Structures are given as structure tokens and as C-alpha cells.
1. Assess whether Thr106 counts as being outside any loop (DSSP other than H, G, I, E, B) and more than 47 Å from the chain's Cα centre (by Cα).
2. Quick check on my filter: what residues within segment 227-277 are over 26 Å from His287 (Cβ atoms), among the small types (Gly, Ala, Ser) and touching a strand residue (DSSP E or B) at 6+ places or on another chain (Cβ under 8 Å)?
3. In segment 65-113, what residues are of a type in the set (Asp, Glu) and under 13 Å from Ala216 (Cβ atoms)?
4. Considering only residues that are within 15 Å of Ile359 (Cβ to Cβ), touching a residue at least 40 places away in the same chain (Cβ under 8 Å) and not β-branched (Val, Ile, Thr), which ones fall in segment 315-343?
5. Please state which one of Lys238, Lys169, Lys190 is under 25 Å from the mean Cα position of the chain (by Cα) and either within 30 Å of Gln131 (Cα to Cα) or in contact (Cβ under 8 Å) with a residue 60 or more places away in the chain (or both).
6. I'd like the residue in segment 27-51 that is modelled with pLDDT under 75 and either loosely packed, with under 12 Cβ neighbours inside 10 Å or assigned by TED's automatic domain parsing to the domain that holds Phe324 (or both) and, out of all such residues, is nearest to Tyr312 (Cα to Cα).
7. May I ask you to list the residues in segment 85-103 that are in a strand (DSSP E or B) and of a type in the set (D, E, K, R)?
Amino acid sequence: MYTTQYQKIKNFIIPAFASCIILTSCGGGNPEGLVELKSKQAELKTQLADITSKIAKLEGDSAKKFVLVEAHGIKPSIFKTFINVQGRIDAEESVSLSSEIPGTITKINVKAGDEVSKGQVLAETDARALQQSISDLQTNTELVNQLYEKQKALWDQKIGTEVQFLQAKTQKESMEKKLATLLEQVRMTKIVSPINGTIDAVDIKLGQLTAPGMPAIRVVNFNNLKVKADLAESYASKVHRGDEVMLRFPDLNDTLTARINYSSRAINPMNRTFGVEILLDNKKEYHPNQIVILNINDYKSAKPVLAISMSYIQKDLKGAHFVFVAEGNKSVKRNIMLGKEYNGVVEITDGLTEKDLVITVGFDGLNDGDAIKIKQ
């Protein structure tokens, strides 16, 4: 604006002044005309001096610069801080089964993905030799039982000796124990599910030799999954059962809000950590051993408070924290007190109100009382 006014004045005065000089030089033969021109020249010189003074004033005013800034108000909100830790999904009921005795796999009754119930036979090993032994033993057992019954009947009638009765009884009990042992061995040839669940893996084939300890079939109850994580002991006083936790599943690109179901009170002496557990619902498909990021809420303000980014806060030579706020067209330095901080945002406990406009852009190099203009 100042430049435009200055240019208009120059466009008017300079041509007029030049014309006056030309006329003065051309009017040498006319004394009356010369006097008139000189008078006009003096008048123009006066106007030029006045205009030059005004231009200098305008240029001086334009030299007074302002700082272009951005300022925003702050709305109170509940301030929360979180503990971030990595955990994993674990199945409450997950078993890897194997045969209880060495043998050859003769039957596999399930495949991966099948739903099974507790007590269901999943696979069997060769039990033909045992079955034959049981058959022979059952025949002998029947004979021994008959002899015992007859000897007992005689003994009840006081016929025969006590030794004969005890021998018959002992033979009967011995045969029953042998039969029970063989039946237990037959039971051990079967791989039985101890839980209700889903067949997650079948690691055996028909005709394969197997032995105790060799993985055969894995059963998982996917209806009873939970998240487990280990936290440093420094958080032991901050994390409790019932605390809110946000679970983030990176592989699923999904989040879930839940609460801590269990927080261990014992510290592991090996790594100085304690465990927490969060139960999962069955609304979505989760996978055991899947990575989970836990954000555990360890602090929550009692009422809505003001909070701003740490990047807006400066520190003076005395170590006091401050921000600049906009008041009209001036910047004002405002000392503040800080509370809890999380993820680059800090709670303001004193020094600001929700009516303040905090300068968020352009505060670098700004001084208290500097002229400012808020960018719209």
C-alpha cells in the first residue's frame, strides 16, 4: 500500500517539476513569464518537500515488521498415559499328544481341523499281541475264578483247609491284576484327547513307528485364548488387575480394548519381570503365539485437563517451562507447570486456560511483546 502511494506521488511531482524547469529555461525573453515560472517552481518545491516528508514517514511505519504465526485454542480432555509392551496369544488349553508306549501306528481317526471332544480316541498303535495275551489270560482267569468259588463254598462249609482257600484266592487276585495290567497297556496304545478342542496338527502316518515323547497330534481349544506379556518390575506398582488395556494385532491390522484379567504379584528373579494376562473373546479369529502390542493404561486424570504437544514448550535459562500465547496482535510469554507426559503430549497443571491461544507455529526466536499476526 505504501509503495503504491509513493509511486503515485512520484508520477505526479516529477513530471510537473521537470516541466517547470523546461519552461524556466525557455522563458528567458519574457521577464514577466519568468517571474511567474519561478513562483510556480518555488510552490512545487514546497509541495515536493512536504510529500518527501510524508513518504519518509510512511516508509518508517512500514519498517515496523510483525511475525506471522499460527495459534490454536486448547480443549480440556481426559489425559491418559500408557505402558507399551509386546506380548503373545496363548491357548489356555493346548496339548501336544504322543503315544504312551512304543508301537506302530495302525489307525488315525482324525485330521487337522476336526473338532474333538474330551476322551475321544484320535489314533491307535498295534495292540494285537496284547489282545492275544488278554484273550489267553481271560480264559485262565475264568478257570481260576471257578476254582476259587468252589474252594470258597467248601471253606464256608468248614470243608478243606484254610491254606487251600488262601491259595485259590491268591491265584484269583493275581490273575485279575495281570489282566488289569494288560488292559491298561491296551489303553496306552490309544492316543486320547484330554480336552475339547480342534486338531491343529497331525504329525504321524500309518505304519510309522512312534514312541513316548515323539509329537503325534496337537489339540488346541481356540475358544479359550488369552494374551500373555512380561513387564519390568518397575511397573509392578502401576499395573493391576482390572486396568484398561488396548491390544493391537499388527498381523490383523486390528485393535481391541479389554481389561487385565490377572497380574502376577511375584517377580521372576531371572529377568526381573512379572506377568499379566488378558482373556480374549471368540468374536474374531486369533492364533496362538501371534504377536500382540499391549498399551496398558497406567494413569488417567480425574477430570478433563489441558494438554499440548511438547514441541510447543520452551525452557528459559532458569529451567522454567513456558509457551507463547497470542493476545491481540502481541505475543505473551506464559510460564507453565507440567504434569504427566505420554507420546509427545504433556499435561498442563498450571499456567494456561482454555481461553488462551497457544502459538504453535512461528514461536522460534519470538520475544515477549513482539508484534504478531495470526495466520488465518
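1. Details: outside any loop (DSSP other than H, G, I, E, B): yes; more than 47 Å from the chain's Cα centre (by Cα): yes.
Here the answer is yes, as Thr106 does meet what is asked.
2. Hits for segment 227-277 are Ala232, Ala236, Gly242, Ala266.
3. If the condition is that a residue be of a type in the set (Asp, Glu) and under 13 Å from Ala216 (Cβ atoms), then Glu100 is the only one that fits.
4. Result: Phe324, Ala326, Asn329, Lys330, Ser331.
5. Sole residue among the options that is under 25 Å from the mean Cα position of the chain (by Cα) and either within 30 Å of Gln131 (Cα to Cα) or in contact (Cβ under 8 Å) with a residue 60 or more places away in the chain (or both): Lys238.
6. Val35
7. Passing the criteria: Arg88, Asp90.
Matching residues to (1) crowded, with 16+ Cβ neighbours inside 10 Å; (2) touching a His at 6+ places or on another chain (Cβ under 9 Å):
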residue: Asn271; (1), (2): no, no
residue: Ile291; (1), (2): no, no
residue: Leu294; (1), (2): yes, no
residue: Lys303; (1), (2): no, no
residue: Asn329; (1), (2): no, no
residue: Glu341; (1), (2): no, no
residue: Gly351; (1), (2): yes, yes
residue: Val358; (1), (2): yes, yes
residue: Asp368; (1), (2): no, no
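The values are calculated or read from the model by the stated rules, or taken from the named source; none is laboratory data. Keep in mind it's a predicted model, so treat the numbers as computed, not measured. Glycine also receives a Cβ, built like all others from the backbone with ideal geometry; neighbour counts cover every protein chain displayed.
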